[in-house]
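K.L.:
I have a structure here, written as C-alpha cells, and I will follow up with some questions on it.
Read the figures in this text as sums done on the coordinates, not as results from a lab. Computed from a prediction, not measured in an experiment: that's the story for all the values here. Cβ placement follows ideal geometry from the backbone for every residue including glycine, while neighbour counts extend to all protein chains displayed.
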Amino acid sequence: MKTVGGRKNRRKLERLCEAQNWRCCYCGCALEIGDNATVEHVLAKGSGGNSSYWNTVAACVSCNTRMDTMAPADKAGGDLPPEILSSLTLAYIQRIATEELEAAHVRKIKSARAA
C-alpha cells in the first residue's frame, strides 16, 4: 500500500475524505490524513483498476490492507452499510460504463478513418 505523496495525491485523499464525512467507507472509523487515511481502489490496480475518482474511496489503513485485491462484490459481501455498498457498486458500474464508452468512441474513430 502506498502512502500519499505530493500535493496532488494529498488533495485527492482530502476530497475523498470530505465526500465521506471523514469516515472509512468500510468500518466507519474517523479518518485523519497523515495518520490512518488511505486511498482504496474499488477494483484493485492489479486487477485492471485505475486511480480515477470513479474507482477510489477513502479507507483506513486496516480496512485497506484487509481488502487488498478483493473484487468489489467480495468487498461488499460483508456487513457494509447500504450507503457504502451502493457507493462501491456505483463506482464499479461507472468504471465499466466509462470503459465501454471509451471503447465505442475508439471504434467510431477507427471506422471513420477506414471509410
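K.L.:
What list do you get for V57, V106, V39 if you sort them by fewest beta carbons within 10 Å? Write out the running numbers ahead of the final one.
P.N.:
On the way: V57 25, V106 10, V39 20.
Exposure proxy ranking, most exposed first: V106, V39, V57.
K.L.:
According to a simple spin-label model (label point 7 Å from Cα along Cα-to-Cβ), what is the distance in nm between M70 and R113?
P.N.:
My value for the distance between the label points is 4.2 nm.
K.L.:
Another question, then. Most exposed first by the Cβ proxy, i.e. fewest other Cβ within 10 Å, how do E102, E14 rank?
P.N.:
Details: E102 10, E14 15.
Ordered from fewest to most neighbouring Cβ atoms within 10 Å, E102, E14 come out as E102, E14.
K.L.:
Suppose each label sits 7 Å from its Cα in the direction of the beta carbon; what would the K45-H105 distance come out to in nanometres?
P.N.:
My value for the distance between the label points is 2.3 nm.
K.L.:
From the phi angles alone, apply the Karplus equation (6.51, -1.76, 1.60; θ = phi - 60°) to region 15-28 and give each ³J(HN,Hα) in whole Hz, x where the residue is Gly or Pro.
P.N.:
Ordered by residue, 3J(HN,Hα) equals 5, 4, 4, 4, 5, 9, 6, 6, 10, 4, 5, 9, 9, x Hz.
K.L.:
Zone of N9 (label point 7 Å along Cα→Cβ, backbone N under 19 Å): which residues in region 15-44?
P.N.:
15-18, 32-44
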